[in-house]
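The values are calculated or read from the model by the stated rules, or taken from the named source; none is laboratory data. Remember, it's a predicted structure, so these values are computed and weren't measured experimentally. Please note: Cβ atoms are built from the backbone with ideal geometry, for glycine as well, and neighbour counts cover all protein chains shown. Side chains included, ligands, DNA and RNA excluded: accessible areas come from the protein's heavy atoms. Shrake-Rupley method; radii C 1.70, N 1.55, O 1.52, S 1.80 Å.
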Amino acid sequence: MLNDIIISVIIPSYKPKEYLWDCLDSLRSQTFSKDSFEVLIILNGCCEPYYGEIEVYLHKHNELKCRLIQTDTGGVSNARNIGLDESKGDYICFIDDDDFVSPNYLDELYKHAGKDTIPVCRPLSFIDGTEEYTDYNITKDYDKYYNMGKVAFYKPRRFFNGPVYKLIHRDIIRDRKFDTRFKNGEDSLFMFLISDRIKYVEFADKTTVYYRRVRQNSATQSKKPLGYAIKNYTKLMAVQTTIFFKGIPRYNFWFYLSSIEGRLKSILFD
């Protein structure tokens, strides 16, 4: 029997608030066929009352093919790994639980996707509690390459700082997983790990938007102590360097070099 699930949307969630409904509502509004994608919510490191609240929402809005999975083990990487193990789609789409996407998001990304091509969207951000959408820190990269068609994947490198904003074919990921030893920088490490099977990036229409919610108390907004940053990113660079040299010539040298440069900047500015 052929798999009728084309896209698996993986949403890790920890003690979610009302913003999760915005995320799920945006998936309910997708123009992509509801029969052709599934949503996996991985509730990690917590249970009630969140599990029950999500169940009530899903029962009320049962047009989504959605599975709610709970694990007592916390951590976004572990949650994403569970999602990868449980997913059925040919393509993987990661969305954070406090963000949401435009109605054409899955449809437009799928039009540009391939086994060696990563389609990406236009990212915008907004301050939590407002509806004023502005450019995010990588929006200018989208604007720079938008009209160029397919470009070599390593050119818009900052789109590979994490797994969101894009659609990834399962053949690219294969059985690779997020490294749960790291709490910071693990997203870009995963993207580097799977980059050996990526050739191109293609930019979807400007109406294809990922809306990034900026919350003042979120982990991404908290500056880490310098000692922690040095220790964490030094280990990350060691792991990434091992991956690169073991994988020569599959991994792109310039992408590796720019990734290491990004780690060094993170030590100073994270």
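What to note about this one:
- Set side by side, the residues VAL56, VAL76, VAL101 differ, and just one is under 16 Å from the mean Cα position of the chain (by Cα) and either at pLDDT below 95 or open to solvent by 40 Å² or more (accessible area, probe 1.4 Å) (or both), which is VAL76.
- Once the stretch 79-92 is narrowed to residues that are closer than 21 Å to LYS183 by Cβ and in contact with a strand residue (DSSP E or B) (Cβ under 8 Å, 6 or more places away or on another chain), the residue that is surrounded by the most Cβ atoms within 10 Å (Cβ to Cβ) is ALA79.
- Any hit, the stretch 98-105, residues being farther than 30 Å from ASN147 by Cβ and either in contact with a strand residue (DSSP E or B) (Cβ under 8 Å, 6 or more places away or on another chain) or of a type in the set (Ser, Thr, Tyr) (or both): yes
- Checked against (1) free of Cβ contacts under 8 Å to residues at least 60 places away in the same chain; (2) outside any loop (DSSP other than H, G, I, E, B); (3) charged (D, E, K, R); (4) under 23 Å from ILE5 (Cα atoms), GLU63 passes all but a single condition, namely (2).
- Among the residues making up the stretch 83-98, those that are assigned to a loop (DSSP other than H, G, I, E, B) and either of a type outside the set (D, E, K, R) or modelled with pLDDT under 95 (or both) are SER87, GLY89, ILE95.
- Listed by position, the strands (runs of 3 or more DSSP E) enclosed by the stretch 112-228 that each have at least 1 residues that are within 14 Å of the chain's Cα centre (by Cα) and either among the aliphatic types (A, V, I, L, M) or farther than 27 Å from GLU86 by Cβ (or both) are 117-120, 122-127, 209-214.
- Where VAL214 falls short, out of the listed (1) modelled with pLDDT of 95 or more; (2) within 22 Å of VAL9 (Cα to Cα); (3) open to solvent by 10 Å² or more (accessible area, probe 1.4 Å): (1)
- Residue match in the stretch 236-245 (condition: outside any helix (DSSP H, G or I) and either surrounded by fewer than 16 Cβ atoms within 10 Å (Cβ to Cβ) or in contact with an Asp or Glu (Cβ under 8 Å, 6 or more places away or on another chain) (or both)): no
- Condition check for TYR154: modelled with pLDDT under 95, in contact with a helix residue (DSSP H, G or I) (Cβ under 7 Å, 6 or more places away or on another chain) and surrounded by 18 or more Cβ atoms within 10 Å (Cβ to Cβ): yes
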